[in-house]
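Scroll down for the structure; my scribbles are underneath it.
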Amino acid sequence: MSNEGQSNAEPEEEYTPPGVEEYSEYWKKDTVFLKEANECLLKYHEKLMGDKKHQKVFIPLCGRAAELKYFAELGHDVVGVEFAEIAIHQFFEMFGITYETKPLEDPDGTLYTSTTENMNIRIYCCDFFKFKPQLEKDFQAVWDAGSLYSLPLSQREEYVTVIKSILAPESKTLLMTDVPCLSDEVTTSDLKQMYGTDFTVEDLGYTKTERKDYEQFGLEGFNMFFISSGVVV
């Protein structure tokens with residue numbers, strides 16, 4: 001039988017993100033702590049937060065993100081979700097924030113709650129895809145610093161479904177992806193399809209990084225997107 005017109009190329013394998021153990025090893029070895037909020041968040045802070053005080057902010061797959069502290073210092077109620085416990089410990093130690101813990105049953109995990117005055121921070125150490133409105137909901141703002149982008153294509157729609165389930169009727173999301181692209185790109189079209197007609201998606205374009213911190217990751221800058229629901233942008 002002739003093979004003419006047939007391709008012998010191997011199908012491209014889908015990007016697979018590291019698991020808990022691999023991420024935990026990464027956090028152990030990475031001693032360069034990013035202690036300042038990302039410059040893109042500072043650039044678009046007003047667009048995301050407006051002039052409202054005491055908003056409920058969600059940071060998915062938060063790691064030891066300095067933005068947890070950044071939003072809390074501004075008086076907001078901040079919630080993160082992270083599956084690598086070492087990253088959560090490093091966050092609290094890095095910023096000298098005290099905390100208490102409480103075991104979770106559904107989903108299985110641990111809730112870390114800040115006990116430092118005027119630091120309203122809660123971090124859920126659990127499987128993100130099992131996070132649900134019964135734990136936390138009515139988030140008015142989301143800072144997605146590469147979380148959606150870090151997932152394989154097959155998990156992105158499920159990720160957005162979780163996000164949408166915990167949002168307030170009026171919400172704003174600032175979403176960031178890395179340049180150069182290290183996984184599958186995120187496009188405006190992708191976001192419109194995943195979020196649906198109840199959400200408005202705006203491409204904010206590219207921001208070149210001015211920070212030396214990101215050289216360790218080989219980053220040149222970030223592509224930014226703004227996603228809103230129930231509000232006039």
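The values are calculated or read from the model by the stated rules, or taken from the named source; none is laboratory data. Small disclaimer: the values here were computed from a predicted structure and weren't measured. Counting neighbours? That spans all protein chains shown, and the Cβs are built from the backbone with ideal geometry, glycine included. All accessible areas refer to the heavy atoms of the entire protein, side chains included, with ligands and DNA or RNA removed. Shrake-Rupley method; radii C 1.70, N 1.55, O 1.52, S 1.80 Å.
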task = Taking residue 184 as the residue in question, decide whether it is touching a residue at least 24 places away in the same chain (Cβ under 8 Å), open to solvent by less than 40 Å² (accessible area, probe 1.4 Å) and touching a Leu at 6+ places or on another chain (Cβ under 6 Å).
result = no
Index of the failed condition, residue 191 passing every other in (1) in a helix (DSSP H, G or I); (2) loosely packed, with under 15 Cβ neighbours inside 10 Å; (3) of a type in the set (A, V, I, L, M, F, W, C) = (2)
key: Top-ranked residue of segment 205-231 - restricted to ones that are hydrophobic (A, V, I, L, M, F, W, C) and under 18 Å from the mean Cα position of the chain (by Cα), ranked as most open to solvent (accessible area, probe 1.4 Å)   = 217
